[in-house]
């Protein structure tokens, strides 16, 4: 089974709620085939790179009640492909009641195998449990993106919107030398909900499942 993490940004008031599913894979070096890897895994494992593939994007209509979102997400998480996935929820402003709805689904076995995790996004510098600085979350997107290890699967209807949101974030340096990120919002835009959901899905690995090993795109192109 695949190694999935899921990020959920719950909108408030006039904001969208959004969900992103990320699959982690281990990519072999160019010219190394799967057959070669399985014959001598100890030789090639040190050279493998982790890649993040965005497999699913969803945004709910404005005004969708939280119970409907909880039901939709629970249906996704208990599907056969996702049962071992881990859901990370931005619980910064939604309150305990919404998280309790998710935990109730888990206790009733109407969820996947793993307890949903509430993440509180902070403006600080140090992570404390599941209180996570926004800068750390953004870095979990920026670093693999700059390394060429973050890909959006083709055919995602919301792929262009995710790209638009990402390019609308502005990095600023405060007087104290700290990095901050602000979202430049145009009329009709969301609040960066897809990027927020993506960051929740990328900043922590699913340690319960080993990522699948895949061939490098260059290797596939050669027909090896």
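The values are calculated or read from the model by the stated rules, or taken from the named source; none is laboratory data. Everything quoted here is computed from the prediction, not taken from an experiment. Here the Cβ is made from the backbone with ideal geometry for all residues, glycine too, and neighbour counts use every protein chain on show.
Per-structure values
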| quantity | calculated |
| --- | --- |
| Test set (1) within 24 Å of residue 13 (Cα to Cα); (2) modelled with pLDDT of 90 or more - residue 95 fails condition number | (2) |
| Meets criteria (at negative phi, surrounded by 14 or more Cβ atoms within 10 Å (Cβ to Cβ), out of contact with any strand residue (DSSP E or B) (no Cβ under 6 Å at 6 or more places or on another chain) and modelled with pLDDT of 90 or more) for residue 76 | yes |
| Where residue 62 falls short, out of the listed (1) under 20 Å from residue 160 (Cβ atoms); (2) in contact with a strand residue (DSSP E or B) (Cβ under 6 Å, 6 or more places away or on another chain) | (2) |
| Selection from the range 79-107 of residues that are over 20 Å from residue 22 (Cα atoms), touching a strand residue (DSSP E or B) at 6+ places or on another chain (Cβ under 6 Å) and touching a residue at least 24 places away in the same chain (Cβ under 8 Å) | 92 |
| Long-range neighbours under 6 Å by Cβ, at least six apart or interchain, first residue under 11 Å from residue 202 (Cα atoms) within the range 126-152, second outside any helix (DSSP H, G or I) and modelled with pLDDT of 90 or more | 137/203; 140/203; 144/52; 144/150; 150/52 |
| Spans of helices (runs of 4 or more DSSP H) in the range 111-224 with at least 3 residues buried (at least 19 other Cβ atoms within 10 Å of the Cβ) and at pLDDT 90 or above | 134-146, 193-202 |
